[in-house]
1. Tally the residues that are surrounded by fewer than 18 Cβ atoms within 10 Å (Cβ to Cβ) and either among the small types (Gly, Ala, Ser) or touching a residue at least 24 places away in the same chain (Cβ under 8 Å) (or both), restricting the search to region 43-53.
2. Give the number of residues within region 54-112 that are surrounded by 13 or more Cβ atoms within 10 Å (Cβ to Cβ), modelled with pLDDT of 85 or more, outside any loop (DSSP other than H, G, I, E, B) and of a type in the set (A, V, I, L, M, F, W, C).
3. Scan region 163-189 for residues that are among the charged types (D, E, K, R), touching a helix residue (DSSP H, G or I) at 6+ places or on another chain (Cβ under 7 Å) and at pLDDT 80 or above and jot them down.
4. Taking the residues in region 115-133 that are modelled with pLDDT of 90 or more and outside any loop (DSSP other than H, G, I, E, B) as candidates, determine which candidate is nearest to Thr78 (Cα to Cα).
Amino acid sequence: MNARRNRVRAAAGRQRGVVLFVALIVLIVMTLAGLALLRQMGVGTSIAGNVAFKESATSVADRGTEFARQWIGLNRATEGFDAFTAGYHSSWTGPWGTTVDPTQFTWTNAYSFELTDDDAQTGNRARIIIQRLCAVANLPSNEATQSCSDSAAPNQGQSQGGASYGTPPSSLQAAPYYRVTSRVTGVRGTVSYTQVILQ
């Protein structure tokens with residue numbers, strides 16, 4: 001009888017060891033799964049943060065476009081001449097040749113203009129380059145030897161929707177197009193480029 005009790009106790013002791021071993025394995029697997037889930041959530045949050053930084057930088061670029069629109073409106077009389085300190089180039093080639101890739105542009109003070117009303121709270125800084133879409137620099141767009149990408153003069157703020165076109169003016173002057181490129185640098189190395197065509 002004692003021998004039988006000893007055998008039962010030994011079997012029970014072995015079973016307790018197996019249960020402990022299985023419990024440790026399950027605990028390790030659950031810990032690794034929890035860590036993987038936390039890491040995945042962290043990556044998702046990081047991606048969402050980066051997208052938000054990019055959107056913030058792009059919204060600051062809109063201010064660059066608005067500044068360029070106002071500058072062009074105020075300086076139409078001198079549109080034929082370079083004004084590098086304002087980021088204005090009187091030809092579409094500029095010092096970069098025929099490229100339209102903004103990553104190839106020279107974004108220094110000599111060729112671009114930094115907006116002074118940058119968003120200090122988000123850390124975004126914007127620079128702009130305005131290019132008149134004409135072939136020859138420092139030559140007015142109405143010269144016979146000039147070649148510009150142009151169209152009729154803008155409607156000067158009048159509505160053109162529906163059937164409200166009315167009678168066009170008898171003398172239309174061609175007005176060149178302008179390419180405005182904005183480069184915004186922000187936090188975490190965020191860089192955003194936008195290009196807009198204005199008239």
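The values are calculated or read from the model by the stated rules, or taken from the named source; none is laboratory data. A quick note: this is a predicted structure, and the numbers were derived from the prediction, not measured. Neighbour counts are summed over all protein chains in view; Cβ atoms, including those assigned to glycine, are modelled from backbone coordinates with ideal geometry.
1. Within region 43-53, residues that are surrounded by fewer than 18 Cβ atoms within 10 Å (Cβ to Cβ) and either among the small types (Gly, Ala, Ser) or touching a residue at least 24 places away in the same chain (Cβ under 8 Å) (or both) number 6.
2. Residues in region 54-112 being surrounded by 13 or more Cβ atoms within 10 Å (Cβ to Cβ), modelled with pLDDT of 85 or more, outside any loop (DSSP other than H, G, I, E, B) and of a type in the set (A, V, I, L, M, F, W, C): 7 in total.
3. The answer is Arg183, and nothing else.
4. Checked region 115-133; the qualifying residue nearest to Thr78 (Cα to Cα) is Arg132.
Table: residues versus (1) at pLDDT 65 or above; (2) small (Gly, Ala, Ser).
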| position | (1), (2) |
| --- | --- |
| Asn2 | no, no |
| Arg7 | no, no |
| Ala12 | no, yes |
| Gln15 | no, no |
| Val22 | yes, no |
| Val29 | yes, no |
| Leu32 | yes, no |
| Leu35 | yes, no |
| Gly42 | yes, yes |
